[in-house]
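Worksheet: the structure to be examined is printed underneath.
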């Protein structure tokens, strides 16, 4: 068995945990994510969830990148539903409290309601 394969696999897993999840569609960046209430002429198209991170990659990913990655995943899902506006319903950044040396956020989850709005 090739002994380099496990090392390459481990490095790949750790490397992907170091950055925010990118937008899958550049146009998804136009989806507005906010806590504001949508305009009356907006049409609800579905609930969307975005998440990034886990206990194993948390030490290699900044808190900011975890949150940005979760928002990017949520924008992609909203865009795929035809939405251009997301009202955030809940945000949760899981904190590591078991070991002070591993402090900080280890995962970010954002849930929102997606809307198709004539004007954003």
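The values are calculated or read from the model by the stated rules, or taken from the named source; none is laboratory data. Keep in mind that what you see is a predicted model, and the values were worked out from it rather than measured. Glycine gets a Cβ as well: all are built from the backbone with ideal geometry, and neighbour counts include every protein chain shown.
For (1) modelled with pLDDT of 90 or more; (2) surrounded by 13 or more Cβ atoms within 10 Å (Cβ to Cβ); (3) outside any loop (DSSP other than H, G, I, E, B), each residue gets a yes or a no:
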position	(1), (2), (3)
36	yes, no, no
40	yes, no, no
75	yes, yes, yes
79	yes, yes, yes
108	no, yes, yes
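For region 12-30, state whether one or more residues are modelled with pLDDT of 90 or more, within 19 Å of residue 115 (Cα to Cα) and under 14 Å from the mean Cα position of the chain (by Cα).
There is no residue in region 12-30 that is modelled with pLDDT of 90 or more, within 19 Å of residue 115 (Cα to Cα) and under 14 Å from the mean Cα position of the chain (by Cα).
Among the residues of region 56-67, is there at least one that is modelled with pLDDT of 80 or more and either at positive phi or under 14 Å from the mean Cα position of the chain (by Cα) (or both)?
Step one: list which residues in region 56-67 are modelled with pLDDT of 80 or more, which gives 67.
Subset that is either at positive phi or under 14 Å from the mean Cα position of the chain (by Cα) (or both): 67.
Yes; the residues of region 56-67 include at least one that is modelled with pLDDT of 80 or more and either at positive phi or under 14 Å from the mean Cα position of the chain (by Cα) (or both).
Tell me yes or no: at least one residue of region 82-96 is surrounded by fewer than 18 Cβ atoms within 10 Å (Cβ to Cβ), at pLDDT 70 or above and either part of a loop (DSSP other than H, G, I, E, B) or touching a helix residue (DSSP H, G or I) at 6+ places or on another chain (Cβ under 6 Å) (or both).
Yes.
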